[in-house]
Ligand SMILES: Cc1cc2nc3c(=O)[nH]c(=O)nc-3n(C[C@H](O)[C@H](O)[C@H](O)COP(=O)(O)O)c2cc1C
């Protein structure tokens, strides 16, 4: 018998505040229907985009051999990223919970090949040499839709993790998927899987008074001493 699609029907604020980066709680053993991914993407396409030009492209990878190849690139690229810290160490090491994030990112790195599907969003064009207006327009014309996709997943009992690590080796993924990288920019890589349980908490963030300024920048925070 066909399983009825799950809907959590979360209220907007709960959906927005409990859609987390999921790594350890991705259910790698449960397949995800293409129709469900397409449904979530169609919701994502309602996000704003510059001039309504729809310059976005979305590659869904659900072929296990391709997933394995891309996961291997992700793993190597994440090591490139780590190596880039040099003696200074990871710049986010001071953040509360950094140890937990590290163990979670390590888990994803070691298991990405097991994900039932991956999403690779792209936009047409290359922003590197463009003025800030163009860059802001290109990135701003795809990032809201990616977040909408993650929200749509969450309400259906699925989850993802926003990742950019593979972009250290963007060309290698372009080669695997035959993407002309002079014409398309890869945005990130998103595992797609059901989550193990559907209860997620709000995240800890810097308090509002440290990051909001009315009529100007918020007051500068004194640097933390070691
Ligand atoms: C632009 C961006 C890039 C990120 N890159 C990675 C990544 O390469 N690998 C990873 O495991 N997580 C990555 N993350 C996830 C963050 O580590 C995560 O959002 C953060 O720890 C806060 O957790 P939360 O999203 O559950 O609130 C990235 C998130 C963003 C927004």
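Could you order peptides 156-167, 20-31, 123-134 by the average number of other Cβ atoms within 10 Å of their residues, highest first?
On the way: 156-167: 20.8, 20-31: 16.6, 123-134: 12.2.
In decreasing order of mean packing, 156-167, 20-31, 123-134 become 156-167, 20-31, 123-134.
Which percent, nearest 5, of DSSP beta bridges in the chain are antiparallel? Each step should come with its number before you reach the end.
Values: 17 of 18 bridges.
Of those bridges, close to 95 percent are antiparallel.
Taking square-rooted eigenvalues a ≥ b ≥ c of the alpha carbon gyration tensor, is the range 75-156 rounded, prolate or oblate, where a/c under 1.5 means rounded and, failing that, a/b exceeding b/c means prolate? Spell out each step's value before the answer.
Working: a/c = 1.84, a/b = 1.23, b/c = 1.50.
Oblate.
Need one number: the % of Cα-Cα pairs in the range 1-45 sitting beyond the 11 Å mark. Walk me through the intermediate numbers first.
On the way: 785 of 990 pairs.
Everything past 11 Å amounts to 79 percent.
Just check the range 133-226 against the gyration tensor rule for me: Cα atoms, a ≥ b ≥ c as the square roots of the eigenvalues, rounded for a/c under 1.5, and otherwise prolate or oblate depending on whether a/b exceeds b/c.
Verdict is oblate for the range 133-226.
How many angstrom lie between the Cα centre of the range 146-194 and the Cα centre of the range 62-108?
15 Å
Once label points are set 7 Å from the Cα along Cα→Cβ at both residue 202 and residue 21, what is their separation, rounded to one decimal in nm?
2.0 nm
Taking 37 °C and 0.692 mPa s as the conditions, I'd like the Stokes-Einstein D for the chain in µm²/s, using the Kirkwood hydrodynamic radius from alpha carbon pairs. Don't skip to the end; give the middle numbers.
Working: Rh = 19.2 Å.
Answer, rounded: 171 µm²/s.
What percent does the relative contact order of the chain come to when contacts are Cα pairs within less than 8 Å and at least six residues apart? Provide the component values of the computation, followed by the final result.
Details: 300 pairs, mean separation 81.4, N = 226.
It rounds to 36 percent for the chain.
Computed from the coordinates by the stated procedures, all read-outs in this text should not be read as laboratory data. Being a predicted model, the structure only gives us computed values, none of them experimental. Using ideal geometry, Cβ is built from the backbone for each residue, glycine included, and neighbour counts are taken over all protein chains shown.
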